[in-house]
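Notes follow the structure.
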Amino acid sequence: MKVVYPREDFCVQCYLCQVACVVEHSQSKNVINAYFRENLRFTERCSVYAEGPVSFSLMCRHCTEPECLEACKNGTLYRDEEGRVLVNPEKCVGCWMCIMACPYGVIKRRQLETRRIAHKCDLCPESEIPACVRACPNGALLFEDRGERNDEVRARW
């Protein structure tokens, strides 16, 4: 299955991946409307991490054997027919077991009008290539199937 892989040697901390993510998941698909009228600030599904000269954008790995899915006891997290691990916001009760179980720390809390729910990358299912990958000016994000098990990738991070 294709997932997004970061290339820290190419990341310049421009945060365009985060902006593209917010806009892609907005109703208007417009950056100004998404941030200021729809109030979607801080709802990106990827995060740029930086320490010294190393930086990269990190999002859900859609693991082969997802620990978050095992921790979710009410079916909020599920695997779709293509292998993506997704969130059903209607079922989320805010127990945060998925957040505690995720070895990458990529599941976040999102504030809705009346409650908080789990929030994570969905690989932009309506697009052929995720918005973060399309927006990266330096090619610091790759969307590909490397044929690796995610536990092998985790060992390198």
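Among the residues in the range 38-46, are any in a strand (DSSP E or B), closer than 27 Å to Asp9 by Cα, in the same structural domain as Asp9 (by TED's automatic domain parsing) and touching a Leu at 6+ places or on another chain (Cβ under 7 Å)?
no
Can you give me the number of residues within the range 53-65 that are in contact with a helix residue (DSSP H, G or I) (Cβ under 8 Å, 6 or more places away or on another chain) and buried (at least 19 other Cβ atoms within 10 Å of the Cβ)?
5
Sort out for me the helices (runs of 4 or more DSSP H) sitting completely within the range 67-157 that have 1 or more residues that are closer than 28 Å to Asp9 by Cβ, at pLDDT 95 or above and within 15 Å of the chain's Cα centre (by Cα). Walk me through how you get there before you give the answer.
Working: elements: 67-71, 97-101, 131-135, 150-156.
Output list reads 131-135.
In contact with a helix residue (DSSP H, G or I) (Cβ under 6 Å, 6 or more places away or on another chain) and at pLDDT 95 or above: which single residue out of Cys11, Cys17 fits that description?
Cys17
Out of (1) surrounded by 14 or more Cβ atoms within 10 Å (Cβ to Cβ); (2) assigned to a strand (DSSP E or B), what's the single condition that is false for Ala50?
Only one criterion in (1) surrounded by 14 or more Cβ atoms within 10 Å (Cβ to Cβ); (2) assigned to a strand (DSSP E or B) is unmet by Ala50, namely (1).
Examine the range 92-102 for a residue that is closer than 19 Å to Val4 by Cα and in contact with a His (Cβ under 8 Å, 6 or more places away or on another chain), and state whether such a residue exists.
no
The values are calculated or read from the model by the stated rules, or taken from the named source; none is laboratory data. Since the structure is predicted, the reported quantities are computational estimates derived from the model, not experimental observations. All Cβ positions, glycine included, derive from the backbone under ideal geometry; neighbour counts span all protein chains shown.
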